[in-house]
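First the structure, in the form of structure tokens, and then the observations on it.
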Amino acid sequence: MCVKPIIAPSLLSADFNRLGEEIEMLNRSEADWIHLDVMDGVFVPNISFGMPVIKAVRQLSQKPLDTHLMIVQPERYIHTFKEIGCDLLTVHWETCTHLHRTIAQIKEEDMLAGVALNPHTPVAGLEDMIQDLDLVLIMSVNPGFGGQKFIPRSLHRITELREMIERNNSNALIEVDGGVNVDNIKDIINAGADAVVAGNAVFKSENPEETIQKLKQL
């Protein structure tokens with residue numbers, strides 16, 4: 001592909017003892033977004049960070065905040081996430097009883113609206129609302145923890161989703177989260193993805209800025 005991928009480093013893998021320095025590094029880097037994983041310990045078996053941390057990140061970050069809600073009843077907090085500075089808000093299909101209504105709420109708050117799909121959730125179920133979405137997040141690991149290996153079947157799901165987007169003349173971006181690194185990003189982008197989330201691949205590398213540059217260049 002000619003267009004360079006959107007790179008969204010996941011702050012979950014950052015060193016929280018040096019959070020300000022880590023965000024300054026991302027500001028200097030070729031990263032496009034900062035990915036924030038919000039976990040509640042209910043939908044996924046882990047708890048991450050909440051509103052105060054995101055508010056602090058917003059004050060330091062020069063990049064858009066790509067916020068991924070792995071929580072139950074996300075509709076209760078949509079306005080709050082807008083208030084603390086999120087630019088893109090993604091909810092899980094599996095947690096939303098009224099998904100179309102929740103997406104409309106996000107758009108009403110003037111944020112980009114995304115839907116995340118767990119590895120077992122059929123891509124085909126989004127056909128009826130793909131035109132309403134700004135982004136679809138394909139989970140290429142089971143959500144809840146960083147450092148997991150990429151599920152190879154995800155490449156087929158990305159391609160299936162790309163075909164659906166084109167078939168419906170949708171402008172939705174495809175983002176992929178889980179096990180992305182410099183060795184598999186080319187296959188992920190060639191399958192049809194526009195954006196990738198990279199956690200350990202960036203923050204656990206010897207030179208995170210250089211790694212981001214490598215990811216950007218495929």
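Only the coordinates and a few stated rules stand behind these numbers; no lab work does. All of these numbers come straight from a predicted model, not from anything done at the bench. All Cβ positions, even for glycine, are placed from backbone atoms using ideal geometry, and neighbour counts span all protein chains on display.
If a residue has to be in a loop (DSSP other than H, G, I, E, B) and of a type in the set (Lys, Arg) to count, how many in region 27-53 make the cut?
So the answer is 0.
Being free of Cβ contacts under 8 Å to residues at least 60 places away in the same chain and under 18 Å from the mean Cα position of the chain (by Cα) narrows it down to one residue among Val42, Val72; which is it?
On inspection, the qualifying residue turns out to be Val72.
Please state which one of Val57, Val136, Val53, Val141 is more than 25 Å from Leu19 (Cβ to Cβ) and β-branched (Val, Ile, Thr).
Of Val57, Val136, Val53, Val141, the one residue that is more than 25 Å from Leu19 (Cβ to Cβ) and β-branched (Val, Ile, Thr) is Val136.
Applying the selection to region 166-187, what residues are aliphatic (A, V, I, L, M) and in contact (Cβ under 8 Å) with a residue 40 or more places away in the chain?
Across region 166-187, the qualifying residues are Ala172, Leu173, Val180, Ile185.
Based on this model, can you work out whether Pro52 counts as more than 18 Å from the chain's Cα centre (by Cα), free of Cβ contacts under 8 Å to residues at least 60 places away in the same chain and within 26 Å of Thr95 (Cβ to Cβ)?
yes
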